[in-house]
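Novice: Encoded as structure tokens, here's the structure I'll be asking about.
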Amino acid sequence: MDRADVVVIGAGIAGLATAAWAARSGRSVIVLEKAAAAGGRARTANAGPFRFNLGPHALYCGGPAERALDELGVPFTGRKPNASGGYAVARGAAHALPGGFLSLLTTGLFGAAAKLETATLLGGLARLDPEPLQGTSVDDWLARDVRHPGVRALVGALVRVSSYAADHQRMSAGAALAQIQHALGAGVRYLDGGWQGLVDGLAARARAAGATLCTSRRATAVASAAGRRAVRLAGGGVIDADAVVIAAGPDGAAELLDGAAGDAARAWAAAARPLRAACLDLGLARLPRPRATFALGIDQPLYLSVHSAAARLAPDGAAVIHVMKYLVGDADPTADQRQLEGLMDLIQPGWREVVVEHRFLPTLLVANALPTAAMGGLRGRPDVAVPGVDGVFVAGDWVGAEGLLADASLASARRAAAAVATRRLPSMAAA
């Protein structure tokens, strides 16, 4: 434990994937995790017979995360949710969610002119180029290119459900558009047993490649001198390393680094706008309305999905439902919980009589940083190499120009591991 070629700080999915790839390249790897278990925000809780992720999680089909899991040999199963028959909630009422010709034709969400504009917009969405919109906000894009207010609200809801972001005044329209295109194209998958299977699979692949995982071990500082990195541990102790990968948020990186590297990390942390959500996780003995499995708020930033309709998360006949409010600004937990329960009353009346498990998470961290128009969207995010210091890298959902959420985490993990693998070790240089 006094030295390694690579020290990875953080055992979320980005850290575990980095460790697996780095160990496969022949490096000795130590992973430090301050919590008692690996996984971070990808952990799944067992609540009686139900499996709860930390709020609603979905794996984007064919994206960087799925490709990384396939490459590392991490198995998973699950199905795509069926949004057909879903509801669009506006003005306190549930309407047919426009997901196809028939639902668009029959929905009471808006009138004929808005329906025509919706059909034209959705039909051409896949052909739009996100890159020119990276420096434009979602609000400015919609105000410029979408005429009808109801259609702007619908597209805003699609941005929220695909990116978990509701701050459309600041969010990059390019990042939002790319995410919508992915969601409406390849779709998403809910995972059997929850995301804990990915955590366990990544940890197993890292260990099989030779990495050592150390939980309840907190790093307190990363120092660089004489061409080597030193990772200091809480309670004493130092691990000498050729390279360090900080698989944490920008605040975590800022706490660990000093000098010019610390200045860069503090600038990242100051600019970051974390994404948060109020989440109501429910385990029901049965669904009062079995066919009502999805609802999307149009004039309010709300979401409801029966995840057990597509993944094994509950006993036969029972249900796991995630209800969420995308937050912007200060939260009001009491009002937010009341609003989420009100959405359940609308979509699943009678749910209170069949509740088995109930969990409310008032300000869950969804992602570490919003890709803003001011930063140039995805291309404005930090790269994996930390400026001002050699051999120190970062990985996570706020790093790199590729993807959002888990896609960004695993894409940056791959880049960080590749950077580590190309470094000449001191023993190699001496030889």
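Novice: For P(r) over Cα pairs in 20 Å bins from 0, in percent, one of (i) 25, 60, 15, 0; (ii) 20, 45, 30, 5, 0; (iii) 26, 54, 18, 1 was computed from the structure I shared and the rest are decoys. Which label?
Specialist: Given (i) 25, 60, 15, 0; (ii) 20, 45, 30, 5, 0; (iii) 26, 54, 18, 1, the calculated one carries the label (iii).
Novice: What is the calculated FRET efficiency for Ala331 to Gln169, with r their C-beta to C-beta distance and R₀ = 30 Å, to the nearest 0.05?
Specialist: The computed FRET efficiency comes out at 0.95.
Novice: Go ahead and run the numbers for FRET between Lys80 and Asp145, Cβ-Cβ distance against an R0 of 35 Å, rounding to 0.05.
Specialist: 0.75
Novice: Label-point separation (nm) for Arg286 and Glu71, each offset 7 Å from Cα along Cα-to-Cβ?
Specialist: Placing both labels 7 Å beyond Cα along the Cβ direction yields 4.8 nm.
Novice: When the accessible area of the range 102-177 is computed with all protein chains present and a 1.4 Å probe, what percentage of it is carbon and sulfur?
Specialist: The value for the range 102-177 is 57 percent carbon and sulfur by accessible area.
Novice: Relative contact order (percent) for the range 140-186, with alpha-carbon contacts under 8 angstrom and 6 or more residues of separation?
Specialist: Computed over the range 140-186, the figure is 33 percent.
Novice: Of all accessible surface on the range 360-431 at a 1.4 Å probe, what whole percent is carbon and sulfur?
Specialist: Carbon-and-sulfur percentage of accessible area, whole number: 58.
Novice: Can you bin the range 127-179 into rounded, prolate or oblate? Criterion: square roots of the alpha carbon gyration tensor eigenvalues sorted a ≥ b ≥ c, rounded for a/c under 1.5, prolate for a/b above b/c, oblate for the rest.
Specialist: Rounded is the answer for the range 127-179, as its axis ratio a/c remains below 1.5.
Novice: Stick to Cα atoms and the Kirkwood definition of Rh, then tell me Rg/Rh for the range 77-143.
Specialist: Reported Rg/Rh (Cα atoms, Kirkwood Rh): 1.04.
Novice: Between the range 378-418 and the range 166-202, how far is it from one alpha carbon centroid to the other, in angstrom?
Specialist: The distance from the Cα centre of the range 378-418 to that of the range 166-202 comes to 17 Å.
Novice: Further, regarding this structure: Where does the charge balance sit around Gly297 when Lys and Arg score +1, Asp and Glu -1, over other residues with C-beta under 9 Å from its C-beta?
Specialist: Net of charged neighbours comes to +1.
Novice: Explain nothing, just the number: relative contact order of the chain, from Cα pairs under 8 Å at least 6 residues apart, as a whole percent.
Specialist: 25 percent
Novice: Return one whole number: the accessible area per residue of the chain in Å², for a 1.4 Å probe.
Specialist: 40 Å²
Novice: Under a GNM of the chain (C-alpha, springs under 10 Å), which listed residue has the highest mean-square fluctuation: Val222, Val188, Val238?
Specialist: Val238
Novice: Heavy atoms of the protein only, probe of 1.4 Å, neighbouring chains included. What is the accessible area of Tyr60 in Å², nearest 10?
Specialist: For Tyr60, solvent-accessible area is about 20 Å².
Novice: Just from its helices, what would the mean residue ellipticity at 222 nm be for the chain, if runs of 4 or more DSSP H residues each count -39500 (n - 2.57) and the sum is divided by every residue, rounded to the nearest 500 deg cm²/dmol?
Specialist: Helices in the chain give a 222 nm mean residue ellipticity of -10500 deg cm²/dmol.
Novice: Right, next: With springs only between Cα atoms under 10 Å, which of Pro382, Pro49, Pro371 fluctuates most in a Gaussian network model of the chain?
Specialist: Of Pro382, Pro49, Pro371, the most mobile in the Gaussian network model is Pro49.
Novice: Please state the shape class of the range 140-290: rounded when a/c is under 1.5, otherwise prolate if a/b exceeds b/c and oblate if not, all from the C-alpha gyration tensor.
Specialist: Because a/c hits 1.5 or more and a/b fails to exceed b/c, the range 140-290 counts as oblate.
Novice: Hey, any idea what % of the range 16-85's accessible area is carbon plus sulfur with a 1.4 Å probe?
Specialist: Carbon with sulfur: 51 percent of the solvent-accessible area.
Novice: Classify the range 159-208 from the C-alpha gyration tensor, please: rounded if a/c falls under 1.5, else prolate or oblate depending on whether a/b exceeds b/c.
Specialist: It is prolate, given that a/c is not under 1.5 and a/b is the larger ratio.
Novice: Sticking with this one: List the lysines whose Cα lies under 25 Å from the Cα of Lys325, skipping any in the same chain that are fewer than 8 positions away.
Specialist: Here the lysines satisfying the reach criterion relative to Lys325 are Lys80.
The values are calculated or read from the model by the stated rules, or taken from the named source; none is laboratory data. Small disclaimer: the values here were computed from a predicted structure and weren't measured. Please note: Cβ atoms are built from the backbone with ideal geometry, for glycine as well, and neighbour counts cover all protein chains shown. Side chains are part of the model used for accessible areas, which takes the heavy atoms of the whole protein and leaves out ligands, DNA and RNA. Shrake-Rupley method; radii C 1.70, N 1.55, O 1.52, S 1.80 Å.
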